[in-house]
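Novice: Take a look at this one; I'll ask things after.
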Protein chains: 2
Amino acid sequence: MERASTTSRKRSILDAALSCFSENGVEGTTIQDIQRAAGCSVGSLYHHFGSKEGVAEALWLDAIARFNAAMLRALEKAESGESAVRSVVTTYCSWTARHAPLARFLHSRDIEFSPAAKESQKALQSAYIHRVFEIFAPFARAGEVAELPLHTYVPLISGPIEAYVRRWLSGDAPSPVKVQDIFAEAAWNAVKGPSAR
Amino acid sequence: MERASTTSRKRSILDAALSCFSENGVEGTTIQDIQRAAGCSVGSLYHHFGSKEGVAEALWLDAIARFNAAMLRALEKAESGESAVRSVVTTYCSWTARHAPLARFLHSRDIEFSPAAKESQKALQSAYIHRVFEIFAPFARAGEVAELPLHTYVPLISGPIEAYVRRWLSGDAPSPVKVQDIFAEAAWNAVKGPSAR
DNA sequence: TTGTTTCTAGAACGAAATTCTAATTAACTT
DNA sequence: AAGTTAATTAGAATTTCGTTCTAGAAACAA
């Protein structure tokens, strides 16, 4: 297992990296920037993360894990297909608003993942998606949610709010909380099934 | 005005850059790669584009301009709100399929725009959006398209298909032509107005 | 203690972006 | 046509920045 000092050093590097990245983008920040902001040496940074990409990847995986956890916490409370679908949209909005810099980093995705990181990412996402479908399965079986090609659900439900949030993050649209009901409504309309019309 | 030889040299650099970027990503390609592929010198490249970022930005703007032009050509043929909305989705699909490398580059957005490029980009987009709303205005006035907050139309219509295409481009979903009708339907449902229900 | 592993430091290195100066080419005057 | 100017190209020189390397400190186990 990992020393306590190691955990906190890693955390401080990730936090420093996030603040540098938000300031100047990934390309725009140097190892020195991160290292100075975290108050550690170059050697320490490389010892823990291997490369600048490595830092970005770790931050990305960390952010996704946190987002997924928040989403699942919300979804597990849902008692109908409709409330689950609406919850995806509203949780997306509120998480993004509460973690704007992280969300901005996730959206910017100016990262080219190493094969190893791609693996971790796929593993993370497929476990998450699996759990999400588990939650939705009973509502789908009851006909409350429509039967559609597998890969269309996520885009249909989250696509619009994601696109909107991207605009908001780059300063081109007002806060998503003001329009979240419109998007929740649209999401539900897009996937509601025969027994819910 | 620009010399003919200049225009073609720029073009050859942009084409070379696109092929290098698709091959190895933006980070992964060096100035030398581009320069060799384009058959020009370092000096020439810097003379025309100022930096590697500058090349990426120019390519991005060029791609967006081409996409916008294709979309407007399609929209100008539409004779109803419904056909216009559906056309956004299907044109998005077909353009993306026909220009996969460009589309992949546009989606990867591992580019950090310089302030100047951000300006050009905003100018381009706002002229485009302005024209799009001009096309939709008569249908909106007739109540065929619903009245919604200004910034929600584009995400509601294009968000889902964009999200789907992103998955397709990264190899996680089958070709969009197979599902474009589902997304066209959803788009129209999301924005159709009182007189169209 | 003493050996062992993990972690930290920062100088040294090398690759790649960028700058700079000189040469070349095209366009325009007169 | 010769001369003048501006645009373009070339490639060597420089700089910046990511990464590697070696030595030493700190935590831990025996």
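The values are calculated or read from the model by the stated rules, or taken from the named source; none is laboratory data. These figures come from a predicted structure and were not determined experimentally. Cβ coordinates were reconstructed from backbone atoms using ideal geometry, including for glycine residues, and neighbour counts include every protein chain displayed. Each accessible area value is taken on the protein alone, full model and side chains, heavy atoms only, with ligands, DNA and RNA left out. Shrake-Rupley method; radii C 1.70, N 1.55, O 1.52, S 1.80 Å.
Novice: Just the number please: accessible area per residue for region A:45-87, 1.4 Å probe, all protein chains included, in Å².
Specialist: For region A:45-87, the solvent-accessible area averages 43 Å² per residue.
Novice: What does the average come to when, for each residue of peptide B:170-180, you count the partner chain Cβ atoms lying within 10 Å of its Cβ? Provide the component values of the computation, followed by the final result.
Specialist: Details: counts 1, 0, 3, 6, 3, 0, 2, 0, 3, 6, 0.
Mean shielding count: 2.
Novice: Work out from phi, with θ = phi - 60° and the Karplus expression 6.51 cos²θ - 1.76 cosθ + 1.60, the ³J(HN,Hα) of each residue of region A:11-23, listed in order in whole Hz, and give x for Gly and Pro.
Specialist: 4, 5, 5, 4, 5, 4, 4, 4, 5, 5, 4, 5, 5
Novice: Another question about this same structure. Starting from one equal scatterer on each C-alpha and no solvent at all, send me the Debye-based log10 I(q)/I(0) for region A:59-196 at q = 0.10, 0.13, 0.16, 0.21 Å⁻¹, two decimals.
Specialist: These q points yield log10 I(q)/I(0) values of -0.34, -0.58, -0.88, -1.37.
Novice: Given the peptides A:123-135, A:16-28, B:71-83, arrange them by the average over their residues of other C-beta atoms within 10 Å, most packed first.
Specialist: Per-residue mean Cβ counts within 10 Å order the peptides as A:16-28, B:71-83, A:123-135.
Novice: I would also like to ask the following. Would you please calculate the Kirkwood hydrodynamic radius of the protein assembly as shown over all C-alpha pairs and express it in Å, rounded to one decimal?
Specialist: Computed over the protein assembly as shown, the radius equals 22.9 Å.
Novice: Same structure again: Apply the Karplus parameterisation 6.51 cos²θ - 1.76 cosθ + 1.60, with θ equal to phi minus 60°, to every residue of region A:183-194 and state each ³J(HN,Hα) to the nearest whole Hz, in sequence, with x for glycine and proline.
Specialist: Taking θ as phi minus 60°, the curve returns 6, 5, 4, 4, 4, 5, 4, 6, 10, 6, x, x Hz for region A:183-194.
Novice: What list of ³J(HN,Hα) values in whole Hz, one per residue of region A:26-43 in order, does the Karplus curve 6.51 cos²θ - 1.76 cosθ + 1.60 (θ = phi - 60°) give from phi, with Gly and Pro shown as x?
Specialist: 5, 4, x, 9, 9, 3, 4, 4, 4, 4, 5, 5, 8, x, 9, 8, 4, x
Novice: While we're here: Could you give the alpha-carbon Rg of region B:117-192 over 2.2 N^0.38 Å, rounded to two decimals?
Specialist: Taking the Cα Rg and dividing by 2.2 N^0.38 Å, one obtains 1.29.
Novice: Same structure, new question: I need the per residue convex hull volume for region B:1-137, using only the alpha carbons, in cubic angstrom as a whole number.
Specialist: Convex hull volume per residue, Cα atoms: 122 Å³.
Novice: May I pose another question? Before we go on, tell me the buried accessible area for the A/B pair, both chains summed, 1.4 Å probe, in Å² to the nearest 100.
Specialist: Working: alone 10920 and 10930 Å², together 19160 Å².
Between A and B, the summed buried area is about 2700 Å².
Novice: Given label points at 7 Å from Cα along Cα→Cβ, what nm distances, shortest first, separate B:D181 from the same residue in every other copy?
Specialist: 3.5
Novice: Here is a follow-up. For B:16-26, what's the mean count of beta carbons from other chains sitting within 10 Å of each residue's beta carbon?
Specialist: The shielding value for this peptide is 1.
Novice: Using alpha-carbon pairs under 8 Å, 6+ residues apart, how would you state the relative contact order of chain A in percent? All intermediate terms of the calculation are to be shown ahead of the outcome.
Specialist: Details: 170 pairs, mean separation 46.3, N = 197.
About 24 percent, as a whole number.
Novice: Also: Would you work out what percent of the accessible area of the protein assembly as shown, with all protein chains in place, is carbon or sulfur (probe 1.4 Å)?
Specialist: Of all accessible area on the protein assembly as shown, carbon and sulfur atoms account for 54 percent.
Novice: Restricting attention to region B:1-40, which trypsin sites (Lys or Arg not before Pro) occupy a DSSP loop and are surrounded by at most 16 other Cβ atoms within 10 Å? Each step should come with its number before you reach the end.
Specialist: Values: sites: B:R3, B:R9, B:K10, B:R11, B:R36; in loops: B:R3.
Here the trypsin sites (Lys or Arg not before Pro) that fit, given the DSSP loop and packing criteria, are B:R3.
Novice: To the nearest Å, what is the center-to-center distance of region A:47-82 and region B:1-71, using C-alpha atoms only?
Specialist: First find each Cα centre; the distance between them is then 36 Å.
Novice: Label-to-label distances across copies for B:A65, with labels 7 Å out along Cα→Cβ, in nm, shortest first?
Specialist: For B:A65, the inter-copy label distances come out at 4.6 nm.
Novice: Also, quick follow-up: Mean residue ellipticity at 222 nm from the helices of chain A, using -39,500 (n - 2.57) per DSSP H segment of n ≥ 4 over the full residue count, to the nearest 500 deg cm²/dmol?
Specialist: -25000 deg cm²/dmol
Novice: Remind me, relative contact order of region B:13-100 in percent, using alpha carbon pairs under 8 angstrom and six or more residues apart?
Specialist: Answer for region B:13-100 is 22 percent.
Novice: Under 5 Å between amide H atoms, partner at least 5 residues away or on a different chain: which partners does B:V145 have, H built in plane at 1.01 Å?
Specialist: B:A140, B:G193
Novice: Further question on the same structure: Enter the mean number of other protein chain beta carbons within 10 Å of the beta carbon of each residue in A:140-147, as an integer.
Specialist: 0
Novice: OK, next. Taking the label point as lying 7 angstrom from Cα along the Cα-to-Cβ axis, what are the distances from B:R167 to the corresponding position in the remaining copies, in ascending order and in nanometres?
Specialist: Nearest to farthest, the other copies are at 2.3 nm.
Novice: Sum up the lysine pairs in chain B that clear both bars: alpha-carbon distance under 27 Å and a spacing of 8 or more or different chains.
Specialist: Going through chain B pair by pair, I get 9.
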